[in-house]
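> One structure follows; several queries about it will come next.
The values are calculated or read from the model by the stated rules, or taken from the named source; none is laboratory data. What you are looking at is a predicted structure, and each value in this text was computed from that prediction instead of being measured. Backbone-built Cβ (ideal geometry, glycine too); neighbour counts: all protein chains shown.
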């Protein structure tokens, strides 16, 4: 049987953290990555625009490659588009939500930090997660407006502004949290730095591994068995950007082991050299 095809969608490079988890869980799968960086960050955009772009771009991606499962690897997009996308797409769609439930189980002192985007910390769905799974915990929310931009620049080779990052994390130190939920898929990319800045935090939780397990489950339901099969150059096959291809992204993918058979391309795909950086949009 052919290898399963998985499309991973995000507004930027944050979904690469999810791609890494999926590749470890499903080493035989073929992954395509589509970043709508022409509209980055989604948290600054109207919900109607985010929903329309997600649905349109996913439909277009399916014209380029077969897709067996779609992963919306973006918290903001997941909260906005999942019901509509599932209603109009005939294949499984996996989304991402902050891992409040496992955090509440793991925390020893009931003090949990949520590091997210400003849009995520304001969502009604987040309040419902807290009510349902962490009502007896203290949740310290940090929704920083610049952190995703710092990480996008860091992937391109710009050093993180560690003094500003340390200041942004100060509420977690003051609250004495022992567990931090990474409520944006960008944040696991800098986990080592976060751990160094908050050494007293015992548990760091993101949704990447859970997304990978759910993706594997859905593929198994569809009859795929990717198991440990690593045939035909499994991994990232294509990486598309709706805007300019980020400087240094090829080197970053190589460093994190996601570079197998990749093709970097502007969206829609262009013929010939991928050095063409014309901005595309829907």
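> Test residue 130 against the stated conditions and say whether it is at pLDDT 95 or above, in contact with a helix residue (DSSP H, G or I) (Cβ under 9 Å, 6 or more places away or on another chain) and not in a helix (DSSP H, G or I).
no
Residues are listed down the side, and each one gets a yes or a no for (1) modelled with pLDDT of 95 or more; (2) in a helix (DSSP H, G or I):
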position	(1), (2)
6	yes, no
34	yes, no
43	no, yes
86	no, yes
105	yes, yes
109	yes, no
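> Another question, if that's okay. Could we say that residue 8 is more than 23 Å from residue 259 (Cβ to Cβ), touching a strand residue (DSSP E or B) at 6+ places or on another chain (Cβ under 7 Å) and crowded, with 20+ Cβ neighbours inside 10 Å here?
Criteria not met by residue 8.
> Got a sec? Which helices (runs of 4 or more DSSP H) wholly within the stretch 138-198 have at least 3 residues that are touching a strand residue (DSSP E or B) at 6+ places or on another chain (Cβ under 6 Å) and not assigned by TED's automatic domain parsing to the domain that holds residue 74?
170-175
> I've got another one for you. Check residue 96 against each of (1) touching a helix residue (DSSP H, G or I) at 6+ places or on another chain (Cβ under 8 Å); (2) over 22 Å from residue 212 (Cβ atoms); (3) surrounded by 16 or more Cβ atoms within 10 Å (Cβ to Cβ) and name the one condition it does not meet.
Of the numbered conditions (1) touching a helix residue (DSSP H, G or I) at 6+ places or on another chain (Cβ under 8 Å); (2) over 22 Å from residue 212 (Cβ atoms); (3) surrounded by 16 or more Cβ atoms within 10 Å (Cβ to Cβ), the odd one out for residue 96 is (2).
> Mind checking which residues of the stretch 203-217 are farther than 13 Å from residue 182 by Cβ, surrounded by fewer than 20 Cβ atoms within 10 Å (Cβ to Cβ) and in contact with a strand residue (DSSP E or B) (Cβ under 7 Å, 6 or more places away or on another chain)?
Passing the criteria: only 214.
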